[in-house]
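Written below as C-alpha cells is the structure these notes are about.
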Amino acid sequence: MARRLSWGRLPVVHQLRQSVGLQRGMLVAGLIITGLFLLTALTAPLLAPYGYSQLRNADGAFGAQQPPSAEHLLGTTVGGYDVLSRVIWGAQTAALVIVVAIAASIVIGILLGLVSGYFGGWLDRVLVVVCDAIYAFPSLLLAILLAIVISGGQSKLWGGILAAALSITVVFIPQYFRVIRAETVRIKAEAYIDSARVIGTPHRRIMGRHVLRNATRTLPLIVTLNASEAILTLAGLGFLGFGIEPTAAAEWGYDLNKSLSDVTSGIWWTALFPGLAIVLAVLGITLVGESLNDLADPRLRSRRAAAVGAGEVAETSVVPGGSLTAGPAGLGGLEGSGTLGDEGIEVRP
C-alpha cells in the first residue's frame with residue numbers, strides 16, 4: 001500500500017491519474033513521443049547504422065544526395081552523410097543541450113528568485129529590472145549573440161553544446177526567476193513563516209525547508225515547455241549557421257540549412273526527415289507541458305469531481321429498498337401488487 005502511494009505521488013504519475021478524456025489522451029500521446037525521443041537519444045550509438053560524420057564504408061563512399069535504398073533507408077545528404085544516422089545522432093545532441101540548458105537555468109533562476117523574493121530591497125529591484133530587460137529581448141537574437149561571443153559561431157561537440165546551452169540558459173533564467181520570486185513573496189507572508197522567524201529559525205533554513213519546497217510546485221510545467229523551446233532555439237542557431245560543426249556532432253537545424261537547395265531540385269528526403277524530427281520532438285514535449293498545465297488548473301479537477309458526482313447521483317436510491325426500476329408488474333409493482341385508483345389510492349384485488 002505504501003509503495004502504491006509513493007508511486008502515485010510522482011509528478012507525472014499523479015497528473016496521469018487525475019487526467020480524463022482529452023487531457024489524458026494528450027498526456028499519454030506526449031509521454032509516448034517524448035519517451036521515444038529520449039530513448040533514441042540514449043541509444044543513438046546502437047540505433048544509428050553509421051556515424052554522424054561517416055562518409056564511406058567498406059564498399060566505398062556513400063555518394064551525395066542518394067535516394068532512399070536498402071543501404072541508406074532515408075537516403076544521403078548533399079554532403080554525403082547518411083540521413084537516418086544524422087537524424088538519430090541529432091536526437092542525442094538536442095537532448096544534451098536540453099539537459100545542460102534547463103539544469104543551469106533552474107539552478108540560477110531558483111537561487112536568484114528565492115533571494116530576491118525573500119529579502120526584497122534594492123537587490124530585488126535590480127534583479128527584477130535586469131530579468132525584465134533580458135526577457136523583453138528577442139530570445140533567438142540573444143542566443144545568436146551569445147553563441148558568437150562564446151564559441152565564435154561554430155565549435156566542436158562539447159563547445160557547441162555548451163555555447164548553445166548557455167545562450168539558451170540566459171533566455172530561460174528570467175522565466176524561473178519570475179515564478180520563484182512571485183511564489184516566495186506569497187509564501188513569506190504566511191503565518192508559519194512568521195512563526196519560524198519568531199522562534200529564531202535561521203533565514204537559510206526557512207528558505208530551504210519552508211519556502212523552496214512550496215515555491216517549486218509549478219516547475220515541471222515550465223521545464224517541459226522550455227525543453228521544446230530549447231529544441232527550437234538550437235535548431236534556429238544551426239539553421240542560421242551558428243550551431244555545431246557537422247564533423248563534431250549531428251544537428252537538425254544545420255541539416256535543414258544544407259537541404260534548402262535540394263528542395264527546389266526535387267530531392268525531398270534531405271529536408272523532410274530532420275524537419276519531421278524537430279516537429280515530433282517539439283510536439284511530444286509540448287503535449288506533455290500543455291497537459292500538465294491544464295491539470296494544474298483547479299477548474300479541471302472541479303469538472304472531474306462534478307462528473308463523478310453526477311454518476312453517483314444517478315445511482316442514488318430514490319425509493320426505500322433500492323433504485324427506481326420497474327419490476328415484473330411494471331411501475332405499479334414498485335410498492336405493492338395493487339393498482340392505483342382515480343384519486344391515487346391503492347386498490348388491491
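No lab work stands behind these numbers, since they all come straight from the coordinates. For clarity, every value in this text was computed on a predicted model and none was experimentally measured. Cβ atoms come from the backbone with ideal geometry, glycine included; neighbour counts cover every protein chain shown.
Observations, loosely collected:
- For the stretch 128-137, 3J(HN,Hα) computed residue by residue from phi via the Karplus equation (6.51, -1.76, 1.60; θ = phi - 60°) reads 5, 5, 5, 5, 5, 5, 5, 5, 7, 7 Hz, glycine and proline entered as x.
- Using θ = phi - 60° in the Karplus curve 6.51 cos²θ - 1.76 cosθ + 1.60, the 3J(HN,Hα) couplings for the stretch 86-95 round to 5, 5, 5, 5, x, 5, 5, 4, 4, 5 Hz; x is entered for Gly and Pro.
- Amide H contacts under 5 Å for T76: Q65, Q66, V83, restricted to partners 5 or more places along the chain or on a different chain, H placed in the peptide plane at 1.01 Å from N.
- Cα gyration tensor shape for the stretch 188-292, rounded if a/c is under 1.5, else prolate or oblate: prolate
- Farthest positive-ward along the stretch 108-229 dipole, Cα basis, beta-carbon charges - from P138, I193, F172: I193
- Using θ = phi - 60° and Karplus 6.51 cos²θ - 1.76 cosθ + 1.60, couplings along the stretch 204-210 (whole Hz; Gly, Pro as x): 4, 6, 5, 5, x, 8, 9
- Of interest is the spacing of the C-alpha centroids, which for the stretch 236-266 and the stretch 26-81 amounts to 15 Å.
- Net +/- balance of residues flanking G90 in space, Cβ distance below 15 Å, scoring K and R +1, D and E -1: -2
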